[in-house]
Amino acid sequence: MSASPATERIAAPGTDPDLLARVLAWLLAPRRTGEALRRTCRDRAEGGPDERLRAVLPAPADGQADAIASIAGTWRRLGVTVALVGDRAYPAGLAAGWPHTDGPVLLAWTGQAPGITPAVGLVGARRATGYGTGVASWLSATIARAGGHIVSGGARGIDAAAHQAALEEPGGTTVVLGCGHAVSYPRGHAAPGGLFDRVLDHGGSLVSELLPHERPHAGNVRLRNRVVAGLVGALVVVEGGNRSGALVTAGAAADRGVPVLAVPGDIRAPGSAAPHRLLAEGAAPCRGPEDVLDALGAGTSSGPARGPTGPDTPGGGTLGLPPDVARALREAWPRPVRVDDLAVATGRSVPVLLSVLTQGQIAGVLAESLEGVRLRRAP
């Protein structure tokens, strides 16, 4: 029995089912992990991710076909799609520098494909305070309303508050699981009608690097932190203790050059330890959603080179301003333009303009003041 027909049914567009079967065969063998496979590719092979994987992975043995088909069948029943590192469906930010960086060898998801940009990570304590969950909800709802996508770890406390607040907003939300898709954890969130079902119902996604039945032990839960960091353009630590997993996420983000922000809190509260430590180490203070949007814009502005449309196309063309809006702002430079005046100049309605301008702020090409909006840089 060949393993590839089973993997064909779960492979993302652009993912080779045969290579996916080889990866699964490796992961199903005793004492072999995705991290060990990454290190093997780093030390023993050259080329792109697929070339390295092919160089170190043999074809599955005859006796492994049934086990691979079982794993693939479980994923298929759960509606899971799988991509390998370097494939076009695998998030580029997470794959950057692999295998010298620590992105997982595979990524499995239900719902919308991961890697949405612009994205913000909001992380923090499970035993959160009312202040922490309130701040997380405020930041998440405002950023998602502006079109930013919210990414977190699906745990209770800060994570849950962030996901919940983003559900019905345009940006939406992604949950990075600390277990496989077939494991109900946390039980309340994974129960029918719980938070995870609501995330999917509102167009979000559940992402995991783990095989479907992998349990959420401490190592797996901490592994997901680097996935959160690799999916976002800015990371906010809301609350957490001295040994919080949020600090691990912050470290992974900093290693990838992702801006890290921390929410100041009560100096007497244990949950302020993580953000205050980050602030002391040089993280930017998060005083509100505007700080996060500014950091996200700064992160995207150093992305791919602009295309042929020039300054009207920020961040490599992902959030370009409409030509008439860009023209009016260029003509007014360096003076800001009131939204009402911009509506007259372009013939666009104010609600439509507000959406366009918010996207421009997220992309880092627009600055807003009491006098109106202007281009951040000279045209």
Study note, to complete from the structure: When (1) part of a loop (DSSP other than H, G, I, E, B); (2) of a type in the set (A, V, I, L, M, F, W, C); (3) touching a strand residue (DSSP E or B) at 6+ places or on another chain (Cβ under 6 Å) are applied to I150, the one that fails is (1)
Check your understanding: Name the pairs: first residue in the range 114-130 and more than 22 Å from R243 (Cβ to Cβ), second residue among the hydrophobic types (A, V, I, L, M, F, W, C) and surrounded by fewer than 20 Cβ atoms within 10 Å (Cβ to Cβ), Cβ to Cβ under 8 Å, at least 6 apart or on different chains?
Key -> G115/A92
Check your understanding: Taking H189 and the conditions (1) without any contact (Cβ under 8 Å) to a residue 12 or more places away in the chain; (2) in a helix (DSSP H, G or I), which numbered condition does it fall short on, given that it satisfies the others?
Key -> (1)
**Study point:** Number of positions in the range 241-260 that are farther than 16 Å from R277 by Cα and crowded, with 17+ Cβ neighbours inside 10 Å
**Key:** 2
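Based on what the data block shows, is R22 surrounded by 22 or more Cβ atoms within 10 Å (Cβ to Cβ) and over 26 Å from the mean Cα position of the chain (by Cα)?
Numbers: surrounded by 22 or more Cβ atoms within 10 Å (Cβ to Cβ): yes; over 26 Å from the mean Cα position of the chain (by Cα): yes.
Against the criterion (surrounded by 22 or more Cβ atoms within 10 Å (Cβ to Cβ) and over 26 Å from the mean Cα position of the chain (by Cα)), R22 qualifies.
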Review point. Within the group V199, V221, V228, V183, which residue is more than 15 Å from the chain's Cα centre (by Cα) and assigned to a helix (DSSP H, G or I)?
Key: V221
Review point. Any chance the range 176-196 includes a residue that's outside the structural domain of A69 (by TED's automatic domain parsing), touching a Gly at 6+ places or on another chain (Cβ under 7 Å), farther than 23 Å from G132 by Cα and of a type outside the set (D, E)?
Key: no
Study note, to complete from the structure: Given the conditions (1) closer than 21 Å to T174 by Cβ; (2) surrounded by 15 or more Cβ atoms within 10 Å (Cβ to Cβ); (3) of a type in the set (G, A, S), every one holds for G79 apart from (2)
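Could you go through the range 200-209 and let me know if any residue there is in contact with an Asp or Glu (Cβ under 7 Å, 6 or more places away or on another chain), at negative phi and surrounded by 21 or more Cβ atoms within 10 Å (Cβ to Cβ). Let's see the steps before the verdict.
Filtering the range 200-209 for residues in contact with an Asp or Glu (Cβ under 7 Å, 6 or more places away or on another chain) gives 202.
Pick out the ones that are also at negative phi and you get 202.
Among the residues that remain, those that are also surrounded by 21 or more Cβ atoms within 10 Å (Cβ to Cβ) are: none.
Taking every residue of the range 200-209 in turn, none turns out to be in contact with an Asp or Glu (Cβ under 7 Å, 6 or more places away or on another chain), at negative phi and surrounded by 21 or more Cβ atoms within 10 Å (Cβ to Cβ).
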Revision key, fill the gap. Residues of the range 131-154 being free of Cβ contacts under 8 Å to residues at least 60 places away in the same chain and either more than 21 Å from P259 (Cβ to Cβ) or of a type outside the set (A, V, I, L, M, F, W, C) (or both), in sequence order, are T133, G134, S137, S140, R145, H149, G154
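Only one residue in R32, R44 is modelled with pLDDT under 95 and in contact with a Phe, Trp or Tyr (Cβ under 7 Å, 6 or more places away or on another chain), so which one is that? Please lay out each step first, then the result.
Numbers: R44 fails: in contact with a Phe, Trp or Tyr (Cβ under 7 Å, 6 or more places away or on another chain).
Sole residue among the options that is modelled with pLDDT under 95 and in contact with a Phe, Trp or Tyr (Cβ under 7 Å, 6 or more places away or on another chain): R32.
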Practice item. Check A61, A92 and return the single one that is of a type in the set (A, V, I, L, M, F, W, C), modelled with pLDDT under 95, surrounded by fewer than 20 Cβ atoms within 10 Å (Cβ to Cβ) and within 17 Å of the chain's Cα centre (by Cα). Key: A92
Check your understanding: When you scan the range 258-275, how many residues do you find that are assigned to a loop (DSSP other than H, G, I, E, B), closer than 19 Å to L122 by Cβ and either within 24 Å of the chain's Cα centre (by Cα) or of a type in the set (K, R) (or both)?
Key -> 4
Exercise for review: Say whether the condition of being crowded, with 22+ Cβ neighbours inside 10 Å and of a type in the set (D, E, K, R) is met by at least one residue in the range 167-190.
Suggested key: no
Check your understanding: Of the conditions (1) loosely packed, with under 15 Cβ neighbours inside 10 Å; (2) within 25 Å of the chain's Cα centre (by Cα); (3) touching a residue at least 12 places away in the same chain (Cβ under 8 Å), A36 fails just one. Which one is it?
Key -> (3)
Practice item. Kindly indicate the residue of the range 331-342 that is surrounded by fewer than 18 Cβ atoms within 10 Å (Cβ to Cβ) and touching a helix residue (DSSP H, G or I) at 6+ places or on another chain (Cβ under 8 Å) and also nearest to V373 (Cα to Cα) among those meeting that condition. Key: V339
Point to revise | Residues being in contact with an Asp or Glu (Cβ under 9 Å, 6 or more places away or on another chain) and over 24 Å from L94 (Cβ atoms) - total across the range 155-197 | key: 2
Study note, to complete from the structure: Filtering the range 285-307 down to residues that are under 13 Å from V263 (Cα atoms) and either modelled with pLDDT of 95 or more or among the β-branched types (V, I, T) (or both) yields P285, C286, V292
Revision key, fill the gap. Considering residues that are under 17 Å from P104 (Cα atoms) and either surrounded by fewer than 18 Cβ atoms within 10 Å (Cβ to Cβ) or free of Cβ contacts under 8 Å to residues at least 60 places away in the same chain (or both), the number found within the range 1-15 is 0
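The values are calculated or read from the model by the stated rules, or taken from the named source; none is laboratory data. Computed from a predicted structure; not experimentally measured. Every residue, glycine among them, receives a Cβ derived from its backbone with ideal geometry; neighbour counts consider all protein chains shown.
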